[in-house]
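One structure below.
Rule-based calculations on the coordinates, nothing more; no lab input. Quick caveat, the model's predicted, so the values are computed rather than measured. All Cβ positions, glycine included, derive from the backbone under ideal geometry; neighbour counts span all protein chains shown.
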Amino acid sequence: MSNADLKVKVWRGGQEGEFVEYLVPRNPNQTVLDVVTYIQRKLDSTLSYRFACRVGMCGSCAMTVNGVARWTCRTHVSQIVEGDALEIAPLNNLPVIKDLATDMREFFNKWKGAVGFFKGNQTRHDDFAKVEPDSKERQLANAGIECIGCGVCYASCEVVEARPNYLGPAALNRAWTLANDIRDTQQIERMRAVAGDAGCHACHTQGSCTDRCPKAIEPTASIAGLKKLIAKSAVRGSKWGKL
């Protein structure tokens with residue numbers, strides 16, 4: 001081992017597995033994804049992981065790095081490593097398929113469970129719906145609409161860890177953006193879905209989702225918004241009526 005080497009522990013196996021150590025040359029401006037790619041191409045071609053864009057657009061390279069969920073393509077080794085030790089594992093709170101690749105189906109199923117999909121009432125023959133850029137509805141929806149579904153917030157959420165049925169910050173953030181979309185026609189169904197035991201009231205507002213989001217989205221604020229809408233509906237009825 002030279003002074004320029006990194007001692008990299010990488011999770012190998014499925015849900016049951018172990019960390020295996022590799023020595024990787026250290027380079028200037030090296031990202032964690034560069035490290036994983038070096039291992040797969042130079043040291044062990046059986047290593048499984050995901051990546052696509054390499055520029056922070058797709059989120060598919062998210063992993064747990066030194067205990068924290070991160071985009072590995074945007075995480076530079078020099079920013080997080082003190083000394084020569086680096087640990088890379090799959091995302092928490094998700095089943096491990098193999099090595100650093102997790103099964104994302106439950107994550108996206110919870111988006112569906114939160115009615116996190118748009119449904120309108122216009123056809124291609126109608127004029128485009130208009131939402132004024134400076135309207136309250138547009139501003140509230142825009143706050144969380146940049147989510148790309150990388151799973152970092154979900155993997156960082158203590159409530160998901162303790163309560164696997166919890167819908168999670170990404171699904172609830174998506175529900176919040178659609179709750180503020182005046183074109184959507186599923187508002188009552190959505191509010192009922194997120195008001196359940198697995199919904200927004202299960203959030204303990206610990207803020208890990210907001211702290212870790214690579215896009216600087218605030219799912220904690222979105223969840224708080226849902227709580228207010230539900231409380232308003234329960235007390236005096238919302239713009240959609242009582243739930």
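Overall, the chain carries a charge dipole of about 860 debye about its Cα centre when +1 sits on the Cβ of Lys and Arg and -1 on the Cβ of Asp and Glu, all other atoms neutral. The tail of the calculated P(r) for segment 105-236, taken as Cα-Cα distances beyond 26 Å, holds 19 percent of the pairs. Per the Kirkwood definition applied to all pairs of different Cα atoms, how many angstroms is the hydrodynamic radius of segment 41-136? After inverting the pairwise mean of 1/r, the radius is 17.0 Å. Bridging of Lys130 to aspartates and glutamates at a Cα separation below 12 Å is possible for Asp181, once same-chain residues fewer than 8 apart are set aside. Relative contact order of the chain, taken over Cα pairs closer than 8 Å and 6 or more residues apart, is 17 percent.
Using 0.36 nm per residue and subtracting the Cα-Cα separation, the extra length available between Arg163 and Ala221 on full extension is 18.8 nm.
Each label point was placed 7 Å from the Cα along the Cα-to-Cβ direction; for Glu16 and Glu87 their separation is 2.2 nm.
In the list (i) 20.6, 69; (ii) 18.8, 59; (iii) 23.6, 92, the label attached to Rg and Dmax of the Cα atoms in Å as derived from the coordinates here is (i).
As a footprinting exposure proxy, order Thr220, Thr185 by other Cβ within 10 Å, with the fewest listed first.
By the 10 Å Cβ count, ascending, the order reads Thr185, Thr220.
The lysines whose alpha-carbon is closer than 24 Å to the alpha-carbon of Lys42, local same-chain residues fewer than 8 away aside, are Lys7, Lys9, Lys98.
Dipole magnitude of segment 154-243 about its Cα centre, charges +1 at Lys/Arg Cβ and -1 at Asp/Glu Cβ only, in debye to the nearest 20?
On the way: 13 positive and 8 negative charges, 90 e Å.
It works out to roughly 440 debye.
Taking square-rooted eigenvalues a ≥ b ≥ c of the alpha carbon gyration tensor, is segment 1-87 rounded, prolate or oblate, where a/c under 1.5 means rounded and, failing that, a/b exceeding b/c means prolate? Verdict is rounded for segment 1-87. Compute the separation of the alpha-carbon centres of segment 1-42 and segment 161-203 and state it in Å as a whole number. Each part reduced to its Cα centre gives a spacing of 38 Å. Given Cys150, Ile217, Val194, which one lies farthest toward the positive end of the charge dipole of the chain, if we put +1 on the Cβ of every Lys and Arg and -1 on the Cβ of every Asp and Glu? Highest projection toward the positive end goes to Val194.
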